[in-house]
Amino acid sequence: MKFLPKNPQSAILSDGLVYSNDSAKNQQLRQRLLAEQKQFCAYTEKYITDTESAEIEHFDSTRKWHDDYFNYYAAIRKANLSKLRKDKQFAGASFFQSLFFHNRVELENRVEYIDNDYSPVDKADTEAQQLIDYLSINDEWLYSERANHIDLLRQTFADAQYSKEQQKAYLLRHRKMLSFITAIEKEFNLDLSEVYQ
């Protein structure tokens, strides 16, 4: 969940870019969001190679047309649709007000990845659990894609007998293989922070 935090000094804010009826401006906004998110879908962490497949996603859809940078993310369509199906179920959830996920440190202190699953660090943290459920990051389709991707990398690295340094070099050379970067870092004990910071 590396791409949910927001930067209060974002050029999107200083340039006054907002979602509108102007498709050219929306395309520019989408490109800027993707650049800020290092080409990753904010919700799934899939690496986006075709920028046209990313959508401007309004995290709190009730604010659409009256929102700003802090409510915008670039997301793949399937993730956007999965979240939209849950809008009514999570209407009024406390994470819409606290926005704890905008802060990288707080997010990392409250949500963790273990064995292909995201969960609250504190099992009693219902707000973190609701965010996880709202974003569908443990839904079967994404869970399966993430597990398959990790298995593919595990087999590739084993077949090539790559050291940790070679694994990292491979991933940096083959950017689309960086999908599910949080899972990759945890599963292979790699530091890929240079990719997302």
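The values are calculated or read from the model by the stated rules, or taken from the named source; none is laboratory data. Predicted model, so just to flag it, every value in this text is computed and none were measured. With ideal geometry, Cβ positions are generated from the backbone for all residues, glycine too; neighbour counts draw on all protein chains shown. SASA here: full protein model, heavy atoms, side chains in, ligands and nucleic acids out. Shrake-Rupley method; radii C 1.70, N 1.55, O 1.52, S 1.80 Å.
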| Can you tell which of 150, 132, 48 is of a type in the set (Val, Ile, Thr) and over 22 Å from residue 194 (Cα atoms)? | 132
| The listed residue being in contact (Cβ under 8 Å) with a residue 12 or more places away in the chain and among the aliphatic types (A, V, I, L, M), out of 111, 105 | 111
| field | Residue pairs meeting the criteria (Cβ under 6 Å; at least 6 apart or on separate chains; first closer than 19 Å to residue 111 by Cβ, in region 136-151; second β-branched (Val, Ile, Thr) and open to solvent by less than 30 Å² (accessible area, probe 1.4 Å)) | value | 142/44
| Selection within region 87-110 - assigned to a loop (DSSP other than H, G, I, E, B) and not basic (Lys, Arg) | 87, 89, 90, 91, 92, 93, 94, 99, 103
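Considering each of 74, 42, 35, 91 in turn, give the residue that is open to solvent by 10 Å² or more (accessible area, probe 1.4 Å), at pLDDT 95 or above and either of a type outside the set (D, E, K, R) or out of contact with any helix residue (DSSP H, G or I) (no Cβ under 6 Å at 6 or more places or on another chain) (or both).
Matching residue, one of 74, 42, 35, 91: 35.
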| note | Per the filter on region 160-197, residues small (Gly, Ala, Ser), in a loop (DSSP other than H, G, I, E, B) and either without any contact (Cβ under 8 Å) to a residue 60 or more places away in the chain or loosely packed, with under 15 Cβ neighbours inside 10 Å (or both) are 163
| request: Can you confirm whether region 148-159 contains a residue that is open to solvent by 60 Å² or more (accessible area, probe 1.4 Å), at pLDDT 95 or above, closer than 22 Å to residue 42 by Cβ and not aliphatic (A, V, I, L, M)? | output: yes
| field | Filter result for residue 13 (among the aliphatic types (A, V, I, L, M), touching a residue at least 12 places away in the same chain (Cβ under 8 Å), surrounded by fewer than 20 Cβ atoms within 10 Å (Cβ to Cβ) and in contact with a helix residue (DSSP H, G or I) (Cβ under 6 Å, 6 or more places away or on another chain)) | value | yes
| query | (1) free of Cβ contacts under 8 Å to residues at least 60 places away in the same chain; (2) on the phi > 0 side of the Ramachandran plot: which one isn't true of residue 116, the others all being true? | reply | (1)
